[in-house]
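Here's the structure we're looking at; comments come further down.
The values are calculated or read from the model by the stated rules, or taken from the named source; none is laboratory data. This is a predicted model, so every value here is computed, not measured. FYI the Cβ positions are ideal-geometry reconstructions off the backbone, even for glycines, and counts take in every protein chain you see.
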Amino acid sequence: MPTSPVRVRFAPSPTGSLHLGNALTAVANRDFADSHGGALVLRIDDTDAERALAGGEEALLVDLEWLGIHWDEGPVRQSEQGDRYAEAAARALGGGAVGDADGSIRLDGITLVRSDGTATYQLASVADDLALGITHIIRGSDHRPNEVVQQRIARALGAELPPVVHHGLLLGKDGKKLSKRHGHASVADFREEGIPAPALRAYLDELGMPEHDVMLDESRIGRLAIDAIAALPDEELEAAAEAPAGLARALRGARTLVEAGEIAAQITSPVLRPLGDEARPTLERLAELRVRGADRLDEVGARELVREVKAVGGNLRTVRAALTGAERGAELWTVVAFLSRDETLARIAVALG
Ligand code: GLU
């Protein structure tokens, strides 16, 4: 017997940047659709006017695109399905639901339609899942209590709820649901910290559909971020760090894109100052060696220069301080290779005072 093609849905409420737990739901649905040659429908649960934030839908679309989670259909907005819900409400009335004097409609104590005539999440979700031909519902386990409720509604509509899988939630270190109190909870939080999209996506892919709640593994995300930065094409890394072309190799060791931006800024627009007498011998040797070199040094030349400064007793911390104004940052040869001879000599002059 041919089975119907898999159709899943991701149904966020438009409350702004996606909670990482919701992003996990999105990835779980995308990965499930992909592994079954199925389709992912994006549904926007915007029936609840108070929770629908201005710009909230846009923010979550930005997050989905940033994470590379594409959808095949939608967005289907619940606010635009009034006819579907009215039809479902009428059918429910024939299937055991009761209309109240105030205009609301209930089924076994579950409100399906409010007294103002609007459908609740429970009715809207079931009506949509049936109308959109959803074959599997995959969502966070905070919705577990909704399964029986929604099955009852589906039967009142003369149908069956598709099978539901509830995955575990993401928790903070204290075992409570991940929230801003833990420092970061939304996709935007991680983006602003400089975690590259491929790293966050890889983390969510690794989690898959956790059966139980899982504690957010920040060190794992950190390691994935270093790997992702190492793997970014030069131009993408330079763009993310707001660095000029040619600086990518100086940024490879950065742990976040924010740090990459800081390292780039040390090189392109450092805060320099005179370093005092003890720096003088190193700076004079550096100047002597550099003045003899080409306007731009290639990798071999730059590494060689650093080696020579060290070989004649120069202090590499002094070299770094003179050229970047910082105590740590990029590998020194990458700085030497990026700066022209004149720029290098000008910085040495500032350091000499
Ligand atoms: N709008 C609900 C949420 O964001 C979706 C519930 C569901 O997947 O049925 O949690």
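The table for this structure:
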read-out	value
Search result, residues across the stretch 117-127 that are surrounded by 22 or more Cβ atoms within 10 Å (Cβ to Cβ) and closer than 9 Å to Tyr85 by Cβ	Ala119, Leu123, Ala124, Ala127
Residue satisfying condition, being in a helix (DSSP H, G or I), in the same structural domain as Asn146 (by TED's automatic domain parsing) and of a type in the set (Asp, Glu), within set Asp116, Asp46, Asp83	Asp83
Some residue of the stretch 35-43 being in contact (Cβ under 8 Å) with a residue 40 or more places away in the chain, within 23 Å of Glu206 (Cβ to Cβ) and touching a helix residue (DSSP H, G or I) at 6+ places or on another chain (Cβ under 8 Å)	yes
Scope the stretch 26-46; condition surrounded by 23 or more Cβ atoms within 10 Å (Cβ to Cβ) and within 9 Å of the ligand (Cβ to nearest atom); matching residues	Arg43
Residue match in the stretch 4-19 (condition: under 16 Å from Pro162 (Cβ atoms), touching a Pro at 6+ places or on another chain (Cβ under 8 Å), within 14 Å of the ligand (Cβ to nearest atom) and among the basic types (Lys, Arg))	no
Residue match in the stretch 294-312 (condition: touching a residue at least 60 places away in the same chain (Cβ under 8 Å), assigned to a helix (DSSP H, G or I) and surrounded by 14 or more Cβ atoms within 10 Å (Cβ to Cβ))	no
Which numbered condition Glu284 misses (of (1) surrounded by fewer than 18 Cβ atoms within 10 Å (Cβ to Cβ); (2) within 17 Å of the chain's Cα centre (by Cα); (3) part of a helix (DSSP H, G or I))	(2)
Listing of helices (runs of 4 or more DSSP H) fully contained in the stretch 221-274 that carry 2 or more residues being among the small types (Gly, Ala, Ser) and over 26 Å from Ile348 (Cβ atoms)	234-240
Residue match in the stretch 69-79 (condition: of a type in the set (Ser, Thr, Tyr), free of Cβ contacts under 8 Å to residues at least 40 places away in the same chain and more than 16 Å from the ligand (Cβ to nearest atom))	no
Residue within the stretch 87-105 that is closer than 20 Å to Arg9 by Cα and either in contact with a helix residue (DSSP H, G or I) (Cβ under 6 Å, 6 or more places away or on another chain) or part of a loop (DSSP other than H, G, I, E, B) (or both) present	yes
Test: residue in the stretch 65-84 that is of a type in the set (Val, Ile, Thr), surrounded by 19 or more Cβ atoms within 10 Å (Cβ to Cβ), under 16 Å from Ile138 (Cβ atoms) and under 33 Å from the mean Cα position of the chain (by Cα)	yes
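Each row is one residue, and each column tells you yes or no for (1) more than 12 Å from the ligand (Cβ to nearest atom); (2) at pLDDT 95 or above; (3) surrounded by fewer than 19 Cβ atoms within 10 Å (Cβ to Cβ); (4) in a loop (DSSP other than H, G, I, E, B).
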residue: Arg155; (1), (2), (3), (4): yes, yes, yes, no
residue: Ala159; (1), (2), (3), (4): yes, yes, yes, yes
residue: Val165; (1), (2), (3), (4): no, yes, yes, no
residue: Asp174; (1), (2), (3), (4): yes, no, yes, yes
residue: His184; (1), (2), (3), (4): yes, no, no, yes
residue: Phe190; (1), (2), (3), (4): yes, yes, no, no
residue: Gly194; (1), (2), (3), (4): yes, yes, no, yes
residue: Leu200; (1), (2), (3), (4): yes, yes, no, no
